[in-house]
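These notes are about the structure you will find just below.
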Amino acid sequence: MAMNRERRLLQQAVGICAVLPIAIGLYGVLFGHALTGDAVSVSADSHFRYLSGLLLAIGLIFWSTIPAIETKTGRFRLLTLLVVLGGLGRLVGLLLTGLPSLFMLGGLLMELVVTPVLCLWQTRIANAYAEIKKPVA
């Protein structure tokens, strides 16, 4: 019973956390670089929209793990790898160019702390469910 409750809490946490990349990604796709208010070239705007589309997709695919989350370990780990690598890129930018806005620092926290913690939690739930379903010898 406690494992079902923890599974539901994980599903809720993933659902809530995935709202951010979905909303920000969709906004970036629709409005381009206007998010920052900076004037950029058409090519830079195109690249920004492309990356926003990837962010949107990552959030939607995280949502796709919610049903039967205990069986989606491979997908969850791949998504986590993508997010962490993006966060490491953001961290390199921080080290090379200076402190970004609070929103970007929030993104960095999500990428390098929250997402890996959710991945570890998903692995814990998956392992617990695998033990429950293990046939008795």
Working carefully through the options 10, 51, 55, 30, find the one that is touching a residue at least 12 places away in the same chain (Cβ under 8 Å) and open to solvent by 70 Å² or more (accessible area, probe 1.4 Å).
51
Please list, ordered by residue number, the helices (runs of 4 or more DSSP H) wholly in segment 61-137 having 3 or more residues that are buried (at least 16 other Cβ atoms within 10 Å of the Cβ) and of a type outside the set (A, V, I, L, M).
73-97, 115-133
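The values are calculated or read from the model by the stated rules, or taken from the named source; none is laboratory data. No experiment lies behind these values; they were computed from the predicted model shown. Cβ coordinates were reconstructed from backbone atoms using ideal geometry, including for glycine residues, and neighbour counts include every protein chain displayed. Keep in mind that these areas ignore ligands, DNA and RNA; they rest on the heavy atoms of the full protein, side chains included. Shrake-Rupley method; radii C 1.70, N 1.55, O 1.52, S 1.80 Å.
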